[in-house]
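Worksheet for the structure shown next.
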Amino acid sequence: MKWTGLIALAVLAFALAVLLGPAHVPAAELLRSPIVRDLRLPRAVLAFLVGGSLGVAGASLQALVRNPLADPYLLGLSGGASLGAVAAIALHVGGPWALPLAAFVGALAAMGLVYRLGLVGGAELDPRVLVLAGVAVGAFAAAVSTAIVSLSEATALRNAFLWLWGGLSGANWDTVLALCLYAPLPLAVLFAAARPLDLLALGEEPAGYLGVDVAVLKRWVYVAASLLTAAAVAVSGVIGFVGLIVPHIGRLLWGHRHRALLPVAFLGGGTLLSFADTAARVAVAPRELPVGIVTALVGVPVFALLLRRWTRN
Amino acid sequence: MACGRAEHRATGAGSLAVTDDAGRAVTLAAPARRIVSLAPSSTELLFAIGAGDRVVGRTTWCRYPAAALRVPVVGDGLNPNVEAVVAQHPDLVVLYASALNETAARQFERLGIPAVILRQDLLEDVARDARMLGRLTAHESGGDSVARAVLEVFEAPIRRRVAFVVWDNPPMVIGAGSFLDQQVALAGASNAFHDLGSASAAVSLETIAARDPDVVITIADSDDTRLPAFASAREWQVVRAVRERRVLTLPGALFGRPSPRAAAAVAELRRRLEALR
């Protein structure tokens, strides 16, 4: 029943994303209109993929660092991505792929640095060190990019933050194809780690006794979740709340088993971001709202409602 | 210089052939040097294209420009005094289109004097005949520039719709609250996002595509006026102006802020929009 509801909701969200938009497209021309074919449809697919990726990355990282406040950007990825994007603009790297690629490289660099810091004091990733390193690296990268922007004359640099605040305006079939080829691998790694992640919730030592190679698990989950997030940042900037709230909603309704939680996080994240992006495009048309604002406006009340129901039980 | 080259080319080609406004084929062995102009409109046009020194006869009514007053009068333009015209030894007679003048034109031709009939009723006719007279007098460039100046009058009222895209992701456009909206109106075009009250606003790419502006304008930080990067982005090709490369990149120094040079900016914007035609 819950599953049927979620799938129905996901289909509805996707359908609305294709059917609704600021431009009026007659129903008879839906399939032929370039506005639908080359703008709405790739954007709807991208919104679903990005939302789903953020949901899965958030759920996995929350399990990894055993911290309910963890979100996909906690580990310094947003800061690294923004530094990459700002550097690309400052160095006048041209072409439509410059910004996404630079953001991706920046996010990967931050990931590498945080990973290295997380290994401090041993061969194993320490979740607490990981969180601290992530926050520190993220803050440092954000500071450097803000310094570049504030010292620069170029309006392009000031506008770089607009892109980083997140949005799916850059969606096209190329970005969709890139993400479709890229995302399945880290997603598969995380789905495969569902059972060990359940055991990790018992604590690292008990998980080890139950046959989980905790050190390897933590590395794989960390790298896969970060790779997923880095790709999401590259194509859509930093979209908040999806990766934080969707996993919690999933846990409230489906429980803590990752075999169910991860697919739920994917479908739920995709659904939330699809609804949010449709609302961002349509609500104040012809203007467009930053989608991150809408995910918070839609996601937080739902979350609060569920939280109340859950605490009452 | 331009006249000299044209003359050279004309003589090199041997002869000049045109079809006049009555549909008659007229051939000159060489560019006309002695012209009798039998209508005020053609007299003014000959002076305007720089061939005034070749006018050796005019009508009583050809009183503009002032220099034309020094040219000998040969009578009226309709049913002209053929004898008085021939007395000026013209190698070209320019007549106004009417039934009587077609008879006169045949008379001149029988006397071995080429005659062209110009029908100048509408403003477009002025442009066409400026080019024809330019050719016949080896003043092609003069004729051309007069023709262009006349045609500009028609082009100015064509209200092009433009969209100022000041940032591409998310797409941000200029609304009615900006000086750019005023400048674009003064330059004879209109802003496709005039309905937005603020100076700028984020809009969906879909909205830009649906509003279908004729030209997309961006403001460059520097004087680097190459096409912006988004012009080659795949999703932007849905916007017709981008797909057809009707993208103007304006230098930020003149257009990046409201300034006392607003008049110069408007003139420059008009010039650049016209250059895109």
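Computed quantities for the displayed model
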{"read-out": "Among the candidates A:S226, A:S145, A:S169, A:S150, residue that is of a type in the set (S, T, Y), surrounded by fewer than 15 Cβ atoms within 10 Å (Cβ to Cβ) and either closer than 30 Å to A:L49 by Cα or at pLDDT below 90 (or both)", "value": "A:S150"}
{"read-out": "Filter result for A:A193 (under 16 Å from the mean Cα position of the chain (by Cα) and more than 14 Å from chain B (Cβ to nearest Cβ))", "value": "no"}
{"read-out": "The stretch A:1-28 residues that are part of a loop (DSSP other than H, G, I, E, B), paired with ones that are of a type in the set (D, E, K, R) (beta carbon under 7 Å, 6 or more apart)", "value": "A:G21/A:R40; A:G21/A:R281; A:G21/B:E206; A:P22/A:R281; A:P22/B:E206; A:A23/B:E206"}
{"read-out": "Subset of the stretch B:260-277 (residues that are without any contact (Cβ under 8 Å) to a residue 24 or more places away in the chain and exposed (fewer than 13 other Cβ atoms within 10 Å of the Cβ))", "value": "B:P260, B:A263, B:A264, B:R271, B:A275"}
{"read-out": "Members of the stretch A:30-44 that are outside any loop (DSSP other than H, G, I, E, B), of a type in the set (K, R) and free of Cβ contacts under 8 Å to residues at least 24 places away in the same chain", "value": "A:R37, A:R40"}
{"read-out": "Residues of the stretch B:254-271 classified as closer than 17 Å to B:F164 by Cα and modelled with pLDDT under 85, total", "value": "3"}
{"read-out": "The stretch A:277-298, residues that are crowded, with 24+ Cβ neighbours inside 10 Å and away from chain B (no Cβ under 14 Å)", "value": "A:T295"}
{"read-out": "Long-range neighbours under 6 Å by Cβ, at least six apart or interchain, first residue more than 10 Å from chain A (Cβ to nearest Cβ) within the stretch B:237-255, second among the acidic types (D, E)", "value": "B:P251/B:D223"}
{"read-out": "Residue check for B:A68: in contact with a helix residue (DSSP H, G or I) (Cβ under 9 Å, 6 or more places away or on another chain), among the hydrophobic types (A, V, I, L, M, F, W, C), farther than 16 Å from B:R106 by Cα and not in a loop (DSSP other than H, G, I, E, B)", "value": "yes"}
{"read-out": "Selection from the stretch B:256-277 of residues that are within 13 Å of chain A (Cβ to nearest Cβ) and basic (K, R)", "value": "B:R257"}
{"read-out": "Unique residue being among the aliphatic types (A, V, I, L, M), within 29 Å of the chain's Cα centre (by Cα) and within 25 Å of A:A17 (Cβ to Cβ) when the list is B:V242, B:V215", "value": "B:V242"}
{"read-out": "Residue check for A:G79: away from chain B (no Cβ under 14 Å), assigned to a helix (DSSP H, G or I) and under 22 Å from A:A183 (Cα atoms)", "value": "yes"}
{"read-out": "Test: residue in the stretch A:200-214 that is free of Cβ contacts under 8 Å to residues at least 40 places away in the same chain, out of contact with any Leu (no Cβ under 9 Å at 6 or more places or on another chain), part of a helix (DSSP H, G or I) and under 30 Å from A:G84 (Cβ atoms)", "value": "no"}
{"read-out": "Some residue of the stretch A:258-273 being in contact (Cβ under 8 Å) with a residue 24 or more places away in the chain and in a loop (DSSP other than H, G, I, E, B)", "value": "no"}
{"read-out": "Wholly within the stretch B:146-263, strands (runs of 3 or more DSSP E) carrying at least 3 residues that are out of contact with any His (no Cβ under 9 Å at 6 or more places or on another chain), of a type outside the set (V, I, T) and over 30 Å from B:R131 (Cβ atoms)", "value": "B:160-168, B:200-202"}
{"read-out": "Test: residue in the stretch B:144-162 that is crowded, with 17+ Cβ neighbours inside 10 Å, away from chain A (no Cβ under 14 Å) and more than 23 Å from the chain's Cα centre (by Cα)", "value": "no"}
{"read-out": "Residue that is in a helix (DSSP H, G or I), among the hydrophobic types (A, V, I, L, M, F, W, C) and farther than 20 Å from A:W254 by Cα, where the choices are A:A102, A:A59", "value": "A:A102"}
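The values are calculated or read from the model by the stated rules, or taken from the named source; none is laboratory data. Since the structure is predicted, the reported quantities are computational estimates derived from the model, not experimental observations. As a convention, Cβ positions derive from the backbone with ideal geometry for all residues, glycine included, and neighbour counts pool all protein chains shown.
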